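Worksheet for the structure shown next.
The values are calculated or read from the model by the stated rules, or taken from the named source; none is laboratory data. Note that the coordinates shown come from a computational prediction; the quantities given were computed from them, not determined experimentally. In this analysis, Cβ positions are derived from the backbone assuming ideal geometry, glycine residues included, and neighbour counts consider all displayed protein chains. Just so you know, the surface numbers come from the protein's heavy atoms only, side chains and all, with ligands and any DNA or RNA stripped out. Shrake-Rupley method; radii C 1.70, N 1.55, O 1.52, S 1.80 Å.
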Amino acid sequence: MEAVKTPEVRELVRRYRDIKSLDYALSLLGWDMETYMPPGASRERGEVRGNLKTQMQRLYTHPEFISLVEGARPANDVERGIIRVLRRWIKFYTRLPREFIEEEERTTAEAFQVWRKAKARADFGVFRPVLERIVELERRKAEYLGYEDHPYDALLDIYEEGLTVKKCEEMFSVVPEISDLFRRVRERYPDRHPLEEEPYDEIFLRRLIEHVLTEMGFDFSRGRVDTSPHPFTVEMGLHDVRITVRFEGRDFRRALMAAVHEFGHATYEMNVSEDLWMTPVQTGVSLGVHESQSRFWENVVGRSRAFVGRFREEMTLALPFLRGHDAEDIYTYLTLVRPELLRVEADEVQYVLHVYLRYRLEKGLIEGSIGVDELPQIWNDTMEELIGIRPSNDSLGVLQDIHWAHASIGYFPTYAIGTMLTAQYYYRLGLRDAVGRADFSSIMATLGERIHRWGAVYPPRELVVRATGEEFNPRHFLRYLEEKYLS
Ligand code: MG
């Protein structure tokens, strides 16, 4: 990796270490909040984190820091990456007025409580007024941040650098084909599998998960596995990356596949080049590319016959009820396809359809072609059209995700990017054989060399072209689904 040598960029990297240190502390405090923090500490913790975030913004927007970034003449790819990433942060912190950020924070804090209540009552009417305010705020945010073609572009770019409505339309052009494929695949599968009901011993499943992660290459000397209500990955630094899992007591694939998913996120952060340590580019480049790593391990590697073959013996030792099930049956259980109302329950065939539905609604809300009051109706009609089932109430439909209560409009499309990119890696990085042999170290070496080690040096789109030799191409995903589910 090229070294940072230009004096201004070296000075920026030196100053950035203060920012990174605050970020490190914030990540550790956030991890603790979700895992071990006593419940009574939440207000105090909120205050401390808020203050640290303010400190961080101050460092980013310090006039000397900004003028160093503006005046820097980067001399190589690493330096260009550093300046690009810093410019993005500075833009974010300088274009949004302080009062706007405070209003957004107040509104989302309230919206979260209201959303929970609305969801429990399955009544969208309870959530509607506050969601109207959030949509208004996000439309204002788009104006502050600026865009060329479509206001939604400004919001998409927050989560996936360079993503636009135009690119989303290209990506989702395969939706009718996926929807058709899904209808054909679901006929081949039973509605339920008996293993979904099997209760397991949590201690044994935890040991199995640790074994699987070790075999796949998780470095326990630089990482941890804990439990939390929602599985997640958090990166403190290059040498401290933690994941969490959740044990629900039955249907073991949920905990196992969630662990494999978070493992994929974690390895991306653990494999960034040491040369980028403590710089602004020592991190995964975008949510979409991050999700492509987690979903590659979960869907392509984890939900494969080779994976079942590799771990069948250990699985049966940890989960004795598997004795009556052969490898093919376990594979069927891991890859079951049936219409789901909830995105988080969706298999890899229908998943993108759930994302597309949200994309269409968000785009409509931001451009003003869809009103908040129309959401439940359009949601239910689109579900029926794409997936063939209709939610019986709002909590199984329009109220299911937390994202809108968080004002995270523009986030969802990154899930589709990640899901579809897995197939592009599968074919274009020559990973088919390695997946077929469950050869984890060679998969890891390839992803590490082509993607991980670069951190955020290149913008996501350029990274994909450099890694796979072509632009993002959703057609690989169609081919992958056909081969895996219809051949
Ligand atoms: Mg994920």
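Note down all Cβ pairs under 9 Å where the first residue falls in region 62-79 and is free of Cβ contacts under 8 Å to residues at least 40 places away in the same chain, the second is open to solvent by 40 Å² or more (accessible area, probe 1.4 Å) and of a type in the set (S, T, N, Q), and they're at least six residues apart or on different chains.
Listed pairs, sorted by first residue: ILE66/THR94.
Does GLU161 meet the test of being in a loop (DSSP other than H, G, I, E, B), among the acidic types (Asp, Glu), out of contact with any Cys (no Cβ under 6 Å at 6 or more places or on another chain) and under 25 Å from GLY284 (Cβ atoms)?
yes
Answer yes or no: is there a residue in region 269-278 that is more than 16 Å from the ligand (Cβ to nearest atom), polar (S, T, N, Q), assigned by TED's automatic domain parsing to the domain that holds ASP191 and open to solvent by less than 30 Å² (accessible area, probe 1.4 Å).
Yes, there is a match, as at least one residue in region 269-278 is more than 16 Å from the ligand (Cβ to nearest atom), polar (S, T, N, Q), assigned by TED's automatic domain parsing to the domain that holds ASP191 and open to solvent by less than 30 Å² (accessible area, probe 1.4 Å).
Given the conditions (1) surrounded by fewer than 15 Cβ atoms within 10 Å (Cβ to Cβ); (2) among the charged types (D, E, K, R); (3) within 16 Å of the ligand (Cβ to nearest atom), and given that ARG254 satisfies all but one, which numbered condition is not satisfied?
Only one criterion is unmet by ARG254, namely (1).
Mind checking which pairs have a first residue in region 298-319 that is under 15 Å from ARG253 (Cβ atoms) and among the polar types (S, T, N, Q) and a second that is outside any helix (DSSP H, G or I) and modelled with pLDDT of 95 or more, Cβ under 7 Å, 6 or more apart or different chains?
Once the first residue is under 15 Å from ARG253 (Cβ atoms) and among the polar types (S, T, N, Q) and sits in region 298-319, its partners that are outside any helix (DSSP H, G or I) and modelled with pLDDT of 95 or more give ASN299/GLU348.
Please verify whether region 358-373 includes one or more residues that are assigned by TED's automatic domain parsing to the domain that holds GLU187, among the charged types (D, E, K, R), in contact with an Asp or Glu (Cβ under 7 Å, 6 or more places away or on another chain) and buried (at least 22 other Cβ atoms within 10 Å of the Cβ).
Pass one, region 358-373, residues assigned by TED's automatic domain parsing to the domain that holds GLU187: 358-373.
Still in the list and also among the charged types (D, E, K, R): 358, 360, 362-363, 367, 373.
Applying the additional criterion that residues be in contact with an Asp or Glu (Cβ under 7 Å, 6 or more places away or on another chain) yields none.
No, the conditions are met nowhere in region 358-373.
Look through ALA438, ALA445 and report the one residue that is closer than 30 Å to LEU213 by Cβ and without any contact (Cβ under 8 Å) to a residue 24 or more places away in the chain.
ALA445
List, please: which pairs have Cβ atoms under 6 Å, are six or more places apart or on different chains, and start with a residue in region 218-245 that is assigned by TED's automatic domain parsing to the domain that holds LEU208 and in a loop (DSSP other than H, G, I, E, B) and end with one that is among the aliphatic types (A, V, I, L, M) and within 14 Å of the ligand (Cβ to nearest atom)?
Going by the 6 Å Cβ cut-off, the qualifying pairs are PRO231/VAL245; PRO231/ALA258.
Checking GLU160 against (1) at pLDDT below 95; (2) within 16 Å of the ligand (Cβ to nearest atom); (3) of a type in the set (Asp, Glu), which test does it fail?
Going through (1) at pLDDT below 95; (2) within 16 Å of the ligand (Cβ to nearest atom); (3) of a type in the set (Asp, Glu) one by one, GLU160 breaks only (1).
Just checking, which of HIS403, HIS354 is within 16 Å of the ligand (Cβ to nearest atom), part of a loop (DSSP other than H, G, I, E, B) and either open to solvent by 10 Å² or more (accessible area, probe 1.4 Å) or assigned by TED's automatic domain parsing to the domain that holds SER294 (or both)?
Answer to the selection: HIS403.
Which of (1) of a type outside the set (D, E, K, R); (2) open to solvent by 40 Å² or more (accessible area, probe 1.4 Å); (3) touching an Asp or Glu at 6+ places or on another chain (Cβ under 9 Å) does LEU396 not meet, given it meets every other one?
(3)
Could you please tell me which pairs satisfy a Cβ distance under 6 Å, a separation of 6+ or placement on different chains, a first residue in region 119-142 that is farther than 13 Å from HIS406 by Cβ, and a second residue that is of a type in the set (Ser, Thr, Tyr)?
If the second residue must be of a type in the set (Ser, Thr, Tyr), the pairs left are LYS119/SER395; ALA122/SER395; ARG133/THR107.
Please state which one of ARG192, ARG206 is of a type in the set (Lys, Arg) and not in a helix (DSSP H, G or I).
So the residue among ARG192, ARG206 that is of a type in the set (Lys, Arg) and not in a helix (DSSP H, G or I) is ARG192.
How about region 97-118: which of its residues are small (Gly, Ala, Ser) and either in the same structural domain as ILE402 (by TED's automatic domain parsing) or open to solvent by 40 Å² or more (accessible area, probe 1.4 Å) (or both)? Please lay out each step first, then the result.
Within region 97-118, the subset small (Gly, Ala, Ser) is 109, 111, 118.
Selection gives ALA109 alone.
ILE378 - would you say it is at pLDDT 95 or above and either touching a helix residue (DSSP H, G or I) at 6+ places or on another chain (Cβ under 6 Å) or assigned to a loop (DSSP other than H, G, I, E, B) (or both)?
For ILE378, the condition - at pLDDT 95 or above and either touching a helix residue (DSSP H, G or I) at 6+ places or on another chain (Cβ under 6 Å) or assigned to a loop (DSSP other than H, G, I, E, B) (or both) - is not met.
Which condition number in (1) surrounded by 14 or more Cβ atoms within 10 Å (Cβ to Cβ); (2) in contact with a helix residue (DSSP H, G or I) (Cβ under 7 Å, 6 or more places away or on another chain) is the one that ASP157 fails?
The failed condition is (2).
Criterion first (touching a helix residue (DSSP H, G or I) at 6+ places or on another chain (Cβ under 7 Å), open to solvent by 10 Å² or more (accessible area, probe 1.4 Å) and on the phi < 0 side of the Ramachandran plot) does GLU314 satisfy it?
yes
Answer yes if at least one residue in region 36-57 is of a type in the set (Asp, Glu) and under 30 Å from PRO7 (Cα atoms), and no otherwise. Spell out the reasoning first.
Initial filter on region 36-57 (of a type in the set (Asp, Glu)): 44, 47.
Narrowing the set further to residues that are under 30 Å from PRO7 (Cα atoms) leaves none.
No, region 36-57 has no match at all.
So which residues in region 219-239 are open to solvent by less than 30 Å² (accessible area, probe 1.4 Å) and more than 15 Å from the ligand (Cβ to nearest atom)?
GLY223, VAL225, ASP226, MET236, GLY237, LEU238
Step by step: first the residues of region 279-329, then only those that are aromatic (Phe, Trp, Tyr) and within 16 Å of the ligand (Cβ to nearest atom), then the one that is farthest from PHE204 (Cα to Cα). Which residue is that?
PHE296
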